[in-house]
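Peer 1: Quick one: the structure is below, questions incoming.
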Amino acid sequence: MLGYFSSWTDFLGMGGHGFYVWLSYAIAALVVVYNIVSVQLKKRIFFKQAKRRLKREQKQL
Amino acid sequence: MKITMPRWFYQLASPKWFYDFTGILIPWFALASAVLLTIGTVWGLAFAPPDYQQGNSFRIIYIHVPGAILAQSCYMLMAVAGAIGLIWKIKMAHVVAKSCAPIGASMAILALASGAIWGKPTWGAWWVWDARLTSMLILFFLYLGVMALHSAFENETSGDQSSAVLALVGLVNIPIIKYSVEWWNTLHQPATFKLTEKPAMPPEMWLPLLVMIFGFYCFFGLVLMIRARTEVLERESRTSWVKAIVEERA
């Protein structure tokens, strides 16, 4: 029993609208993942470059 | 004329203070968005009753409406932050405005894509050139325009100012999106939530939607803060406080 659905198959089928419902939720998941990954990537790239710059500056001293 | 603002306004405008303060907020926003989005998704997908006409395809509403609301809220924040940056010459406001654009664009894609998928079983077409859909597509292009314009400038300040002006001009599209369902005959249904009226659906249907909307707002706040923090570090990379943070990490 899963809320309004009698079985998992029923839940996945969404009364014949399974394709539409799951496709749109997949896109929503992708948007969430994109936002998390892109900000983490931006952060990682900054620190990588900043550390390199720091090392260069320390060598010159 | 000089307009004086309260103290917190200027504190928030200090890059270091912004970095430290958002550092405290981020874990709470992460927790809130994880909890709200999980509850909202499970509730909306399995426990909300199906629509008597649309059946289960109506469950798309739980991501479609929050995505559309966030795309518009994010645009308004971007334009207002840009205006604050232009008027008071506050660097931090431009950081926020710039960070809004890619997040808002992703929310506009979500609203458009989930709307198209929802349209197929409901209207029989993936896309119609309806006022609401078209104005939403323009919103997406405005985000792309703001991002493209900003990246066209070598100089950060010029990019900030030009994209702020474009964002402000594009603000005219926001009321058009809102009233498109009233001004023109459209296939799109009117707003689910209105401040002046009770929702047309029963609470079992709109409560999970409300949870999802709050969840999306928390998530937006979360990614906006993380994005803006990195943007601050990039712009302030020559200052001693940023160097100290980099050293600590090395």
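Any read-out appearing in this document is the output of simple, stated calculations on the displayed coordinates, not a laboratory observation. Bear in mind the structure is a predicted one, so any value in this text is a computation, not a measurement. Cβ atoms come from the backbone with ideal geometry, glycine included; neighbour counts cover every protein chain shown.
Peer 1: When Lys and Arg each count +1 and Asp and Glu each count -1, what net charge do the other residues less than 14 Å away from A:GLY15, Cβ to Cβ, add up to?
Peer 2: Local charge sum for A:GLY15: -1.
Peer 1: I've got another one for you. With a ≥ b ≥ c taken as the square roots of the eigenvalues of the C-alpha gyration tensor of chain B, please select rounded if a/c is under 1.5 and otherwise prolate if a/b is larger than b/c or oblate if it is not?
Peer 2: prolate
Peer 1: Okay, next question. Add +1 for every Lys or Arg and -1 for every Asp or Glu among the other residues with Cβ under 14 Å from the Cβ of B:ILE26, and state the total. Working shown, then result.
Peer 2: Details: positive: A:LYS43, B:ARG227, B:ARG229; negative: B:ASP20.
Summing Lys and Arg as +1 and Asp and Glu as -1 gives +2.
Peer 1: Moving to a separate point now. Check the straight Cα-Cα distances from B:LYS194 and name the lysines below 28 Å, setting aside those fewer than 8 residues away within the same chain.
Peer 2: Result set, ordered by chain and number: B:LYS120, B:LYS178.
Peer 1: Follow-up. Exposure proxy check: B:LEU233, B:LEU168 ranked by fewest other beta carbons within 10 Å? Before the final figure, lay out each step's value.
Peer 2: Numbers: B:LEU233 21, B:LEU168 15.
So the ranking, lowest neighbour count to highest, is B:LEU168, B:LEU233.
Peer 1: State, as an integer percentage, the relative contact order of chain B based on alpha-carbon contacts under 8 Å between residues 6 or more apart. Kindly include the intermediate steps, with their values, before the conclusion.
Peer 2: Working: 273 pairs, mean separation 77.5, N = 250.
Here the relative contact order equals 31 percent.
Peer 1: Give me B:ILE138, B:ILE109, B:ILE61 ranked fewest to most by other Cβ atoms within 10 Å of their Cβ, as a rough exposure proxy.
Peer 2: Arranged by neighbour count, lowest to highest, B:ILE138, B:ILE109, B:ILE61 become B:ILE138, B:ILE109, B:ILE61.
Peer 1: Can you name the helices of chain B, as whole DSSP H runs, whose Cα span along the helix axis is 20 Å or more and whose Kyte-Doolittle mean is not below -0.5?
Peer 2: Within chain B the helices that satisfy the rule are B:15-42, B:61-88, B:91-123, B:131-151, B:156-170, B:203-235.
Peer 1: Using a cut-off of 22 Å between alpha-carbon atoms, which lysines can reach A:LYS59, once sequence neighbours fewer than 8 places away in the same chain are excluded?
Peer 2: A:LYS59 reaches A:LYS48, A:LYS51, B:LYS243.
Peer 1: How do B:ASP160, B:ASP130, B:ASP51 rank when sorted from fewest to most other Cβ atoms within 10 Å of their own Cβ?
Peer 2: Numbers: B:ASP160 22, B:ASP130 19, B:ASP51 15.
Result, fewest neighbours first: B:ASP51, B:ASP130, B:ASP160.
Peer 1: Would you work out which of A:LEU41, A:VAL21, B:VAL65 lies farthest towards the positive end of the dipole of the protein assembly as shown, given +1 charges on the beta-carbon of Lys and Arg and -1 on that of Asp and Glu, about the Cα centre?
Peer 2: Ranked along the dipole, the leading option is A:LEU41.
Peer 1: While we're on this one: By how many degrees, 0 to 90 and rounded to 10, does the Cα axis of helix A:18-60 deviate from the longest principal axis of chain A?
Peer 2: Approximately 10 degrees, to the nearest 10.
Peer 1: Could you work out the percent of alpha carbon pairs in chain A separated by over 17 Å, rounded to a whole number?
Peer 2: Summing the P(r) tail past 17 Å for chain A gives 65 percent.
Peer 1: With each run of n ≥ 4 DSSP H residues scored as -39500 (n - 2.57), what mean residue ellipticity at 222 nm is computed for the protein assembly as shown after dividing by its residue count and rounding to the nearest 500 deg cm²/dmol?
Peer 2: -26000 deg cm²/dmol
Peer 1: Suppose the Debye formula is applied to equal point scatterers at every Cα of the protein assembly as shown; what is log10 I(q)/I(0) at q = 0.07, 0.09 Å⁻¹?
Peer 2: Once normalised to I(0) and log-transformed, intensities are -0.33, -0.53.
Peer 1: A further question follows. Using a ≥ b ≥ c from the Cα gyration tensor of region B:163-250 (square roots of the eigenvalues), is it rounded, prolate or oblate, where a/c under 1.5 gives rounded and otherwise the larger of a/b and b/c decides, a/b for prolate?
Peer 2: Oblate shape, in that a/c is at least 1.5 and b/c is the bigger or equal ratio.
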